[in-house]
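**Q** Below are the structure tokens for one structure; questions will follow.
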Amino acid sequence: VATVHAFVQDAKNNGAQVMLGGHTLEKENGPCFYAPTVLKLPDCSKNGIEEVFGPVCPLIKFDTEEEVIEMANDTTSGLAAYVYTANLGRIFRLSKALQYGMIGINTGIMSSEVTPFGGIKHSGLGREGSKYGIDEYTHIKTITIQH
């Protein structure tokens with residue numbers, strides 16, 4: 001909670017506008033809860049490209065797909081990206097171009113026991129869950145015998 005709050009405070013100090021939330025829920029729910037928060041960022045500050053493991057959604061205005069792809073990929077993180085659009089062509093273009101291990105299209109819920117979970121870059125190596133999760137614990141060996 002302290003890390004999430006520091007992230008939000010840093011965003012505010014750098015010109016972000018808190019559209020919703022932006023505070024702990026300690027009085028209501030105890031010390032482990034932070035209010036869902038929406039930040040409107042003035043530009044692509046570090047708050048737009050760092051992973052924050054808390055209920056914070058930074059919004060960044062952009063003009064072109066190329067611009068938003070460049071902003072989104074300009075990070076060492078790569079766990080998850082979210083795209084909201086009704087344009088099927090844009091869905092395929094962004095899904096291909098975004099450097100993330102998981103991409104949610106028109107949803108914030110994209111993981112389950114049957115889908116591989118994991119990121120790329122500094123956000124993870126390999127996958128867990130699904131039939132692919134076991135691959136991290138196995139070694140494939142080929143044995144060829146001529147009889």
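The values are calculated or read from the model by the stated rules, or taken from the named source; none is laboratory data. Because the structure is a prediction, the values reported are computed rather than measured. Ideal geometry is used to build each Cβ from the backbone, glycine not excepted, and the neighbour counts take in all protein chains shown. For accessibility, only protein heavy atoms count, side chains too; no ligands or nucleic acids. Shrake-Rupley method; radii C 1.70, N 1.55, O 1.52, S 1.80 Å.
**Q** Quick check on the chain: what does the Kirkwood estimate of hydrodynamic radius come out to from the alpha carbon pairs, in Å?
**A** By the Kirkwood definition, the hydrodynamic radius is 17.5 Å.
**Q** Against the longest alpha carbon principal axis of the chain, how many degrees, from 0 to 90 and to the nearest 10, is the axis of helix 2-13 turned?
**A** Between helix and principal axis, roughly 60 degrees.
**Q** With a 1.4 Å probe and all protein chains kept in place, how do MET110, MET102 rank by accessible area, largest first?
**A** So, going from the largest accessible area down, we get MET110, MET102.
**Q** Would you kindly find the accessible area of PHE92, with a 1.4 Å probe and non-protein molecules such as ligands, DNA and RNA excluded, rounding to the nearest 10 Å²?
**A** 130 Å²
**Q** What is the set of long-range amide H partners of LEU79 at a cut-off below 5 Å, with H atoms built 1.01 Å from backbone N?
**A** Amide H to amide H, under 5 Å and 5 or more residues apart or across chains, LEU79 pairs with GLY101, ILE120.
**Q** In what order, largest first, do GLU28, GLU50 sit by accessible area if the probe radius is 1.4 Å?
**A** Order by accessible area, largest first: GLU28, GLU50.
**Q** Any chance you could look up the accessible area of HIS122 with a 1.4 Å probe, heavy atoms only, rounded to 10 Å²?
**A** We get 150 Å² for HIS122.
**Q** If you don't mind, there's one more thing I want to ask. Using a 1.4 Å probe over the heavy atoms of the protein chains, calculate the carbon and sulfur portion of the accessible area of segment 1-129 as a whole percent.
**A** 57 percent
**Q** Here is a follow-up. For the chain, set up a GNM with springs between Cα atoms under 10 Å and report which of LEU25, LEU39, LEU79 has the largest fluctuation.
**A** In the Gaussian network model the winner is LEU25.
**Q** Provide the per-residue ³J(HN,Hα) series for segment 134-147, in order, calculated from phi with Karplus coefficients 6.51, -1.76, 1.60 and θ = phi - 60°, each as a whole number of Hz, with x at glycine and proline positions.
**A** Each residue of segment 134-147 in turn: 5, 4, 5, 10, 10, 10, 7, 10, 9, 10, 10, 10, 9, 10 Hz.
**Q** For the chain, what is the relative contact order in percent, using Cα pairs closer than 8 Å and at least 6 residues apart in sequence?
**A** It rounds to 14 percent for the chain.
**Q** Going by accessible area, probe 1.4 Å, with all protein chains left in place, what is the ranking of LYS40, LYS96, LYS131, largest first?
**A** Sorted by accessible area, descending: LYS96, LYS131, LYS40.
**Q** Right, another one. Quick one: angle between helix 88-97 and the longest Cα principal axis of the chain, in degrees between 0 and 90, rounded to 10, please.
**A** 70 degrees
**Q** Given points 7 Å out from each Cα along the Cα-Cβ axis, report the GLN17 to HIS5 separation in nanometres with one decimal.
**A** Distance between the two pseudo-spin positions: 2.6 nm.
**Q** In the structure displayed, which of LYS27/LYS61; LYS61/LYS121; LYS61/LYS96; LYS12/LYS96; LYS96/LYS121 lie more than 27 Å apart, Cα to Cα?
**A** Pairs exceeding 27 Å: LYS27/LYS61; LYS12/LYS96.
**Q** Could you work out how far apart the two model spin labels at ILE134 and ASN87 are, taking each label as a point 7 Å from the Cα in the direction of the beta carbon, and quote it in nm?
**A** Result for the modelled spin labels: 4.2 nm.
**Q** Between ILE103 and GLU28, what is the FRET efficiency for a Förster distance of 41 Å, r being their Cβ-Cβ separation, to the nearest 0.05?
**A** 0.80
**Q** Counting heavy atoms of the protein chains only and a 1.4 Å probe, report the per residue accessible area for the chain as a whole number of Å².
**A** Each residue of the chain exposes 71 Å² on average to a 1.4 Å probe.
**Q** How much accessible area does CYS32 have with a 1.4 Å probe, in Å² rounded to the nearest 10?
**A** For CYS32, solvent-accessible area is about 110 Å².
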